[in-house]
Amino acid sequence: MKRILVFLILTVFSTPFFSQEYRTENNIHYYDDKTNASDVYINERCVLDVYVPKNVKNFQTIIWFHGGGITGGQKEIPEALKNKGVAVIGVNYRLSPKVNAPKYIEDAAAATAWVFNNIKKYGGDENKIFISGHSAGGYLAIMVGLNKMYLNKYGIDANKLAGIVPFSGQMISHFTIRKERGIDELDARIDEYAPLHFIRADAPPLLLITGDREKELLGRYEENAYMARMMKLKGHKETTLYELQGFDHGGMALPAFPLLLNEIKRVEKLKK
């Protein structure tokens, strides 16, 4: 466990790393035409935005899932990830209560599969795809990264992900899923909707980041700390946990972004 003061990080983070041009494409459907035509809500909601560097080959890509408790929120390309030499894919997914679990997890997997199948067309490397998000988005990212069932549907091994970096994600069953199923908020469940249920030694590098344990949502730091411990006991050698001292659940994202970018650089060095 690493507790961090982030003043120097924020100073470095505010400086652009690259003078590089980018292009953006918006509202790309990540399901096929038949699926989109079969469901009005899928057609409306299951779209993504692509932000990619121009005239660059084999760049890294971050798939970014927005937060909002799985009941709200909109896709975004976070400002903190722009002009950093990487591609960013901002993803929308269906929301509760219009749909229930596992529909939004399936959406996250479908969007991830789209990236694997299409990033080469933009110049990216499908072996350099990182999956991330804040809060509910972090939960979706780690569910897709650890429960191999979701990507297996598309013939993709989740171990092809270069890294999994959830920001303040739930490691037990998400509170919205528990609400859908009539389970009390304080009734912690480790079931088929809990990332903790899918700990494995062969998973991609896992970077867990939370806010201050005294300022976070109830139990959020402790869930992540338990995940880190269980992954290590399982034999996973690339799990790291950061607690961002002084930052609450919403505020922790800003200092977490440079940690995500540093993780991308670290993994890239390991591959060389």
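The values are calculated or read from the model by the stated rules, or taken from the named source; none is laboratory data. The structure displayed is predicted, hence computed values, not measured ones. Positions of Cβ are generated from backbone atoms using ideal geometry, with glycine treated the same way; all protein chains shown enter the neighbour counts. Just the protein is used for accessible areas: all its heavy atoms, side chains included, with ligands, DNA and RNA removed. Shrake-Rupley method; radii C 1.70, N 1.55, O 1.52, S 1.80 Å.
Using the structure shown, select from Lys128/Lys272; Lys75/Lys215; Lys34/Lys160 the pairs with a Cα to Cα distance greater than 19 angstrom. Don't jump to the answer; show the numbers that get you there.
Values: Lys128/Lys272 12 Å; Lys75/Lys215 26 Å; Lys34/Lys160 27 Å.
The answer is Lys75/Lys215; Lys34/Lys160.
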note = Summing -39500 (n - 2.57) over every DSSP H run of at least 4 in the chain, dividing by its residue total and rounding to the nearest 500, the 222 nm mean residue ellipticity is -9500 deg cm²/dmol
message = Just to verify a number: what accessible area does Arg266 come out at with the full protein assembly present, 1.4 Å probe, Å² rounded to tens?
response = 80
inquiry  = For a quick check, take a GNM of the chain with Cα springs below 10 Å and name the residue from Asn152, Asn27, Asn55 with the largest mean-square fluctuation.
reply    = Asn55
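How large is Rg/Rh for region 127-238, to two decimals, with Cα atoms and a Kirkwood Rh? Numbers along the way, then the final one.
On the way: Rg = 13.4 Å, Rh = 14.1 Å.
Value, to two decimals: 0.95.
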key: Residue of Met227, Met149, Met171 that the Gaussian network model of the chain assigns the largest fluctuation, springs spanning Cα pairs under 10 Å   = Met149
remark   = Percent antiparallel among DSSP beta bridges confined to the chain, rounded to 5, stands at 25
key: Percent breakdown of C-alpha pair distances by 5 Å bin, ordered from the shortest bin, for region 179-272   = 3, 12, 19, 19, 21, 16, 7, 2, 1, 0
query = Given springs between every Cα pair under 10 Å in a Gaussian network model of the chain, which of Lys128, Lys153, Lys215 has the largest fluctuation?
reply = Lys153
Region 70-117 shape via C-alpha gyration tensor axes, a/c threshold 1.5 = oblate
ask   = Separation between the Asn262 and His197 pseudo-spin-labels, each 7 Å from Cα along Cα→Cβ, expressed in nm?
value = 3.4
inquiry  = Quick one: 3J(HN,Hα) in Hz for region 199-215, Karplus 6.51/-1.76/1.60 with θ = phi - 60°, rounded, Gly and Pro as x.
reply    = 4, 7, 6, 9, 5, x, x, 10, 10, 9, 10, 9, x, 4, 4, 8, 10
key: Options [x] 29; [y] 33; [z] 42 - which one matches percent of Cα pairs over 27 Å apart as calculated here   = [y]
key: Highest to lowest packing among 249-256, 32-39, 135-142, scored as the average C-beta count within 10 Å   = 135-142, 249-256, 32-39
request  = Select from Ala111, Gln74, Val165 the residue farthest towards the positive end of the dipole of region 60-186; place +1 on Cβ of Lys and Arg, -1 on Cβ of Asp and Glu, and compute about the Cα centre.
outcome  = Ala111
note = Check: C-alpha center region 30-85 vs C-alpha center region 204-247, spacing in Å is 25
